[in-house]
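Just so it is clear, none of the values below were taken in a lab; they were calculated from the coordinates. Keep in mind the model is a prediction, meaning the values are calculated, not measured. Glycine gets a Cβ as well: all are built from the backbone with ideal geometry, and neighbour counts include every protein chain shown.
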């Protein structure tokens, strides 16, 4: 039979690494989109 789960015992290091990578990608992606919009506003309008 399966072992009973105990709160706080699960290894979540991979989950934390994935979350940090997602947040970096989101931050850099947002910065690139903002930069492109600013450049479009300056040079196209």
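Hey, of [x] 13.3, 44; [y] 20.5, 68; [z] 17.4, 55, which did the structure itself give for Rg and Dmax of the Cα atoms in Å when calculated?
The value matching this structure is [y].
How far, in degrees from 0 to 90, does helix 13-43 lean away from the longest principal axis of the Cα atoms of the chain, to the nearest 10?
Around 10 degrees separate the two axes.
Separation between the residue 32 and residue 6 pseudo-spin-labels, each 7 Å from Cα along Cα→Cβ, expressed in nm?
4.5
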